[in-house]
1. Send over a whole-number figure in Å² for the accessible area per residue of the range 220-304, probe 1.4 Å.
2. What length, rounded to one decimal in nm, is gained on full extension from D160 through to D340, with 0.36 nm per residue of separation minus their alpha-carbon distance?
3. Just read off the accessible area of W183 with the full protein assembly in place, 1.4 Å probe, to the nearest 10 Å².
4. Per residue of the range 140-149, in order, report the coupling 6.51 cos²θ - 1.76 cosθ + 1.60 (Karplus, θ = phi - 60°) as ³J(HN,Hα) in whole Hz, putting x for Gly and Pro.
5. What is the mean projected area of the alpha carbon convex hull for the range 133-245, to one decimal in square nanometres?
6. Arranged from highest to lowest average of other beta-carbon atoms within 10 Å per residue, in what order do the peptides 199-207, 165-173, 241-249 appear?
7. Taking a point 7 angstrom from the Cα of Q111 along the C-beta vector, which residues in the range 190-218 have backbone N less than 19 Å away?
8. Per residue, how much accessible area does the range 160-209 show when a 1.4 Å probe rolls over the protein heavy atoms, in square angstrom?
Amino acid sequence: MAGGPSGPMLLARSAAVWGKCVGTEVPPTRALGRRGRPQKILQRRVETRFRRYGGRRDVAFAYRAGVSVASWPWRWLQRRAARAARTGRDARRAAALMDASASRSRTMPLQDQSFVRRELDFPGALRQGASGAAVKRVQEWLGFHGNGTPIDGKFGPGTDRALQGFAARKRIAYAGEVGPAVWAALTEPMARVLAAAAPANKPYPQLVRWFAEQHLSVHPIEIGGANRGPWVRLYMKGSEGDSMLWCAGFVSTVLRQAAEHAQRAMPIAGSFGCDELAAQAKAAGRFLAGRSVAGGNPGFAALGACGVFLVRKSASDWVHTGFAFDGNAESFLSIEGNTDHKGSANGFEVAQRARKTAACDFIRLG
C-alpha cells in the first residue's frame, strides 16, 4: 500500500463514489465482523479524526450502509490520516472533494436525485422470465398495494398472478407485461408524495407539518424485511438493511422537501442519526431541552406549528425522532417513521402517535 492515498483521501473518495455527503451520515450501527460476530462501526471516531486532521469542523464522513469493517483497516486508516496531517495536503484535498460532492447533492432537487429516480423511473418492459432489481421493485410495490408475492427478483407465475389481481383492482390493462402504465400505477403513491405542491405562503414549520401529513396519508411501510423496501430507500438515500434505522432519514427527507418548496435553506443539514440531528440543532441554536418545553414559558408554544422531537435516552444520546405538534407541557402529537403501535424506535411504518413531552428534547424549526 506504499505510495497510495492517505486515510482522509480514501474516506473522501469512498464518500464521493457512494453518493454520501456532508451532514447525512449513517448512524453508528452494528455489522458482522470478519468471523461473523457483530461489532460496532466506529463512525463517530472516524468523523472526529477526519475533522481534526483536516482542520474542518463542518465535515462529516458517511460510509456505505451495511459494510462490514474489521478493526485492522480502521487502525491503518488512522495511521495514514496521522501521517497526512503532518503536511495537511491530502486532508485539504479530501475536504474539498467532500464539499464538492455535498454541493452537487444539495443543489439537485430531491425528485432528480439518482436514488429517487431508481425507484420511480420506468425500467423497461418486464414479463415472465425476467429477473433482477426491477422485478424486485415490482414485487415490493405489489406487496405495498396488498397483492403480495415472494420478493425474490424473479418474474414467475406467482408475480404474474399478483399483477393480474393488482391490474384488475386498479382497472388498468395487463396482458402479461409490465409496461409504463402498470409501473406508474405501482409507484404512484411515492410519485404523488414527492410531487405534492403545498399551499402558497405557509411559514416553514407549517410546510413541514403539511408535507409530513402527505407522507402519512399514503402510509409508508417496510416491505421485504426489516428496514427494507422502496420507502426505506427513499428516506435513507438508497440504503436499506437490518441496521438502517430510518426515523431520522424520514425527518431529513421531509425537512428537505419543505425547504425546496419554500426555496430556502434547511434549518439543519439533516442526518441519518438522531445524535447528529441533536448536534446540528445545538450548533444552530435550535435545540430545546425537554424540561424547558415541559415546564417553561412559553413551553411547547416555542416550537410553533411544528418541531422535531428526539426521544432522550440520556443527556447525550437520542434513540428516535419525528415531528411534534399540537402539544402542551404533558403531551404532544407526532408523525414519525420507523415506528409501530408501541411507539418503537425500530418499527415498520410512518404513523401518528401521542408522546410524553418530558421524555423528549426538541428542535425548533421556525
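1. On the way: 2840 Å² over 85 residues.
With all protein chains present, the range 220-304 gives 33 Å² per residue.
2. Working: separation 180, 0.36 × 180 = 64.80 nm, distance 3.13 nm.
Fully extending the segment from D160 to D340 adds 61.7 nm.
3. The accessible area comes out at roughly 10 Å².
4. Whole-Hz 3J(HN,Hα) from phi for the range 140-149: 5, 5, 4, x, 4, 8, x, 10, x, 8.
5. Details: hull surface 32.2 nm².
Mean projected area for the range 133-245: 8.0 nm², to one decimal.
6. Values: 199-207: 15.2, 165-173: 13.7, 241-249: 23.0.
Result, highest mean first: 241-249, 199-207, 165-173.
7. 190-202, 207-208, 210-218
8. Details: 2520 Å² over 50 residues.
About 50 Å² of surface per residue is accessible.
The values are calculated or read from the model by the stated rules, or taken from the named source; none is laboratory data. Remember, it's a predicted structure, so these values are computed and weren't measured experimentally. Neighbour counts are summed over all protein chains in view; Cβ atoms, including those assigned to glycine, are modelled from backbone coordinates with ideal geometry. Just the protein is used for accessible areas: all its heavy atoms, side chains included, with ligands, DNA and RNA removed. Shrake-Rupley method; radii C 1.70, N 1.55, O 1.52, S 1.80 Å.
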